[in-house]
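The values are calculated or read from the model by the stated rules, or taken from the named source; none is laboratory data. Note that the structure is a prediction, hence the values are computed from the model and not measured. Neighbour counts are summed over all protein chains in view; Cβ atoms, including those assigned to glycine, are modelled from backbone coordinates with ideal geometry. For the accessible areas, the whole protein counts, side chains as well, though only heavy atoms, and no ligand, DNA or RNA atoms are used. Shrake-Rupley method; radii C 1.70, N 1.55, O 1.52, S 1.80 Å.
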Amino acid sequence: MAIPTAFSGAKLESLSSSAAAASPASLGLFCNPGRVRRLSIQKGLFNSGIRCEVAASDVVDQSQSSGNVTSSSSLSALEQLKSSAADRYTKERSSIVVIGLSIHTTPVEVREKLAIPEAEWPRAIGELCNLNHIEEAAVLSTCNRMEIYVVALSQHRGVKEVTEWMSKTSGVPVTEICKHRFLLYNNDATQHIFEVSAGLDSLVLGEGQILAQVKQVVKVGQGVTGFGRNISGLFKHAITVGKRVRTETNIAAGAVSVSSAAVELALMKLPESCHTTARMLVIGAGKMGKLVIKHLVAKGCTKMVVVNRSEDRVSAIREEMKDVEIIYKPLNEMLKCAAEADVIFTSTASETPLFMKEHVVDLPPVGASVGSLRLFIDISVPRNVGACVNELEDARVYNVDDLKEVVAANKEDRLRKAMEAQAIISEESKQFEAWRDSLETVPTIKKLRAYAERIRVAELEKCMSKMGDDISKKTKKAVDDLSRGIVNKLLHGPMQHLRCDGSDSRTLSETLENMHALNRMFSLETDISVLEQKIRAKVEQTQK
């Protein structure tokens, strides 16, 4: 695919000028093979980075062997570098990339700093799509994971820009993010979000709350510029996969949610004799808090105190559970309520801790019947209870990372079901990739339809002018319908051969051959490519 000279010059002006002044050593650093390997450490193929690295090393070898680099050889080397960079943008399709930090790779101390509240997702999508090499974006931020999904024009530069953005917005150094993050590309990224939606990547295998969170990504993304066709299609397909896995494998049977695991953990730490009599305090009556209350009731708890900003949510919960005594207290009475509680569950969206050592040290001790320890079960991210509370002799703090102890039970059966789920995910991944591959032909389909429509309209106007002005509206409509019908019939065959969505045996290579043949036959390639348009738009945006 050719790239216009003026366009390539604009796109690569800064690259060319910096390369001209750079030493051979700095060119080697520009595309470091070790760095390429680190970025593709998961499973992704980093083809563009490798090609760039080879091109750059060729430049280094030439300059080192010649000793004296003439201006003509310098220009030749720069042209190679320019051509390599241009190829990366125009010869490859945009990549789906996930940059993630999860409970499996990152401690809660780091995750909480990077967490993005749901209300901030649209802003984050907008900022990410303003980066030079990012077309589309989505954010999935929960108590167990912080993952950013993007469609990147360049894998290497896209990952670099997103990582720097994460560092800038969170205050976490890039080196710290790189230490814990994982990177997945294209098929591997698709497989990952499908596994996440199915509950296979959750701390609690098969838990259902993550599917609701994936649905929320789509709900929040609707109408947000940057939540585009590829990312939207990916998450919608992930929802389908999550539902199908749960229906066909019953993986959720016997599984526990984070909230129920929190309740189980509290009961594991309490003496069995006081399971139904321990004084329970729940701080926060949102989704997680409500689930904690439900699971406490299921375990036999008949009385609890709920602290929340407003009473409305607590009243609604009270209406659902009329046989349980649920006492509402406002947030300004939180410490007073904590002084009268044996077990305190926290699940609020507060970005600062609610309890620190100085808040807990003066609380009256709890009785020996509950083990002489006041338990704080904190399932919030960012955390609501500071780790410093553990320094007190009569208090213990548990956060989401401590729930692994609970979920080990019943794991064998769910692992068997997970293997069944993987077969479904593999099948669905192929279908999604076939759908995404089919998007390659969309520009040709549109151009072919537009080409046929121009001919139809021109010929129809000639026909109408010959028929005179006295023809009826009914006749005009009949002739117009006739012309449309003929065009649609003629286009049906070519259009069928441009579709590759997995519904027939046609391969992608056959479909692309058909696309190129039609482009040649009807001269459809005269317009600048869609990808070049995207790059040009990005360049123009950065120059403003």
Projected label distance in nm at E351 and I471, using a 7 Å step from Cα toward the beta-carbon: 6.7
Percent of Cα pairs exceeding the 18 Å cut-off, where the set is the stretch 247-291: 44
Net charge of Cβ neighbours under 15 Å - reference I455; Lys, Arg +1; Asp, Glu -1: +3
Two-decimal Rg/Rh across the stretch 312-397, once Rg and the Kirkwood Rh are taken from alpha-carbon atoms: 0.99
E109, E272, E513, E195, reordered so the largest accessible area comes first (probe 1.4 Å): E272, E513, E109, E195
Ranked order, E393, E461, E207, E164 - accessible area, probe 1.4 Å, largest first: E393, E461, E164, E207
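Report, in listed order, any pair from K113/K243; K447/K489; K113/K290; K113/K329; K219/K447; K446/K473 with a Cα-Cα distance greater than 27 Å. Don't skip to the answer; put the middle values down first.
Values: K113/K243 31 Å; K447/K489 17 Å; K113/K290 25 Å; K113/K329 29 Å; K219/K447 32 Å; K446/K473 30 Å.
Check vs 27 Å cut-off fails for K113/K243; K113/K329; K219/K447; K446/K473.
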Net charge of Cβ neighbours under 13 Å - reference M268; Lys, Arg +1; Asp, Glu -1: 0
Rounded to the nearest 10 Å², the accessible area of Y398 at probe 1.4 Å: 40
The stretch 89-195 - Debye-derived log10 I(q)/I(0), Cα point model, q = 0.17 Å⁻¹: -0.73
Per-residue SASA entry for T302, accessible area with 1.4 Å probe, Å² rounded to 10: 80
Radius, Kirkwood style, for the stretch 144-289 when every pair of distinct Cα atoms is counted (Å): 17.9
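Taking the Cβ of R383 as the center, what net charge do the other residues with Cβ under 9 Å away carry, scoring Lys and Arg +1 and Asp and Glu -1?
On the way: positive: none; negative: E109, E112, D378.
Result for the neighbourhood of R383: -3.
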Zero-based 5 Å bins, Cα pair distances in the stretch 302-341, whole percents: 6, 26, 31, 20, 14, 3
Spatial extent of the stretch 147-214: Rg and Dmax, with the Cα atoms as the point set, Å: 13.8, 35
The stretch 217-352 - Rg and Dmax from Cα coordinates, angstrom: 18.6, 56
